[in-house]
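Right, I'll just put the structure down here and ask away after.
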Amino acid sequence: MTQFLPPNLLALFAPRDPIPYLPPLEKLPHEKHHNQPYCGIAPYIREFEDPRDAPPPTRAETREERMERKRREKIERRQQEVETELKMWDPHNDPNAQGDAFKTLFVARVNYDTTESKLRREFEVYGPIKRIHMVYSKRSGKPRGYAFIEYEHERDMHSAYKHADGKKIDGRRVLVDVERGRTVKGWRPRRLGGGLGGTRRGGADVNIRHSGRDDTSRYDERPGPSPLPHRDRDRDRERERRERSRERDKERERRRSRSRDRRRRSRSRDKEERRRSRERSKDKERDRKRRSSRSRERARRERERKEELRGGGGGGDMAEPSEAGDAPPDDGPPGELGPDGPDGPEEKGRERERERRRSHRSERERRRERERERDREHKRGERGGERGRDEARGGAGGGGQDNGLEGLGGDGRDMYMEPEGGDGYLAPENGYLLEAAPE
């Protein structure tokens, strides 16, 4: 196929010229002959520097050590600044702290967009306000998020302290406390290492989110009398009331849980009892059907046996008595023919079979009628209640008295079925044939 390609395409598949051979410029490493053989470093030891003249080794600082050093230096600088500011800090001579300290309320966690008029509207519900001082940053002029509210009366400040803590203003819940700078001895603000609460202790596992005024552990460590003893008593009573309320709620929940468990167990027991009752009823019904089927089977086998005996005896044998107790007509001694000739015994046997079937049908009808009558009497006795049953028992004990079974014969023969064939008797409960007891 390539011979049909044009010359310009064939030139693409043409081999190139062979690479020309050039001799190497120098010998290969394994072909070189070294004039000086390899040797150890012993001849060069005298060239080394004397260890006594060498400078001591320098150790570089690791990253962790550098970060730890900077942290310690920062803490030391901050401690020095705090000590310097503590020497200069005097809340009693602060020009911004004016008015009566025991009528002044401290409000923190205020929304930065909340104005002084908004605070006045929210806190005037507890009493008339004398002055509101909102704290702003000296560098940026923006609000710091806390303020001081001075009331006309001390009782109004106590009311606001008790009810306004946690109040939501402009979407944020504020923290309300008394002014501690001028009322608590040895008190220091948060910026100087003091303050209440644990929102700045460390990570999320250490910090707390509840109100800082409830955390009095740091306040109790510092000496000095309480600024408001009655306020502390109120706070203790409120805390005890909340604890009792929580205990009551827990006890109520436990009682409800136990009640639910008891109801659940009771329902389970009732359900189990109903199931067992149904099973017992089914077992009783099954046993009754089994006894009934056995009784019917025995009666059927007895009838078949009697029919076989009748059929096998022939015309000369004495026929068995029927269920009704009627004896068939005598056909004479065995072997003697009737007046009708050879066909006479056969005709008499067929007549006897028809008579026996009619007697069986009439006996079954009488038996069904007696069963229906007993059912009606039993229902009538149940409607009569206990009194009827007592009368029935009394009637059964005394001779000649009414036993509660109306419509039966005076001699009581309708209560018990007539014997059938002499091998058993019919039970009064269901009319089935039962075997007679051995003598």
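The values are calculated or read from the model by the stated rules, or taken from the named source; none is laboratory data. Just so it is clear, the model here is predicted, and its values are computed rather than measured. Heads up, the Cβs are rebuilt from the backbone with ideal geometry, glycines too, and the neighbour counts pull from every protein chain shown. Areas reflect the complete protein model, heavy atoms only, side chains present, ligands, DNA and RNA absent. Shrake-Rupley method; radii C 1.70, N 1.55, O 1.52, S 1.80 Å.
Looking only at the stretch 200-214, decide whether some residue is outside any loop (DSSP other than H, G, I, E, B), open to solvent by less than 20 Å² (accessible area, probe 1.4 Å) and at pLDDT below 80.
Yes; the residues of the stretch 200-214 include at least one that is outside any loop (DSSP other than H, G, I, E, B), open to solvent by less than 20 Å² (accessible area, probe 1.4 Å) and at pLDDT below 80.
Here's a follow-up. Of the numbered conditions (1) farther than 19 Å from LYS130 by Cα; (2) open to solvent by 40 Å² or more (accessible area, probe 1.4 Å); (3) in contact with an Asp or Glu (Cβ under 9 Å, 6 or more places away or on another chain); (4) not aromatic (Phe, Trp, Tyr), ARG182 satisfies every one except a single condition; which is it?
(1)
Considering the stretch 295-323 alone, what residues qualify as being open to solvent by 60 Å² or more (accessible area, probe 1.4 Å) and either modelled with pLDDT under 75 or within 16 Å of GLU363 (Cα to Cα) (or both)?
ARG296, ARG300, ARG303, GLY312, ASP317, MET318, GLU320, PRO321 - these are the residues of the stretch 295-323 that are open to solvent by 60 Å² or more (accessible area, probe 1.4 Å) and either modelled with pLDDT under 75 or within 16 Å of GLU363 (Cα to Cα) (or both).
Inside the stretch 86-111, can you point out the residues that are among the charged types (D, E, K, R) and either in contact (Cβ under 8 Å) with a residue 12 or more places away in the chain or assigned to a loop (DSSP other than H, G, I, E, B) (or both)?
Once the filter is applied, which keeps residues that are among the charged types (D, E, K, R) and either in contact (Cβ under 8 Å) with a residue 12 or more places away in the chain or assigned to a loop (DSSP other than H, G, I, E, B) (or both), the stretch 86-111 yields ASP90, ASP94, ASP100, LYS103, ARG109.
State which residue is nearest to ARG190 (Cα to Cα) when the search covers only the stretch 106-128 and only residues that are open to solvent by less than 20 Å² (accessible area, probe 1.4 Å) and touching a Phe, Trp or Tyr at 6+ places or on another chain (Cβ under 7 Å).
ALA108
Can I ask one more? Which of the residues spanning the stretch 1-44 are of a type in the set (Asp, Glu) and either surrounded by 10 or more Cβ atoms within 10 Å (Cβ to Cβ) or not in a helix (DSSP H, G or I) (or both)?
ASP17, GLU26
When you scan the stretch 219-229, do you find a residue that is open to solvent by 30 Å² or more (accessible area, probe 1.4 Å), of a type in the set (Ser, Thr, Tyr) and at pLDDT below 80, even just one?
Within the stretch 219-229, one or more residues are open to solvent by 30 Å² or more (accessible area, probe 1.4 Å), of a type in the set (Ser, Thr, Tyr) and at pLDDT below 80.
Another question about this same structure. Can you name the number of the only condition in (1) in contact (Cβ under 8 Å) with a residue 24 or more places away in the chain; (2) over 25 Å from ARG239 (Cα atoms); (3) in contact with a strand residue (DSSP E or B) (Cβ under 6 Å, 6 or more places away or on another chain); (4) surrounded by fewer than 15 Cβ atoms within 10 Å (Cβ to Cβ) that TYR136 fails?
(1)
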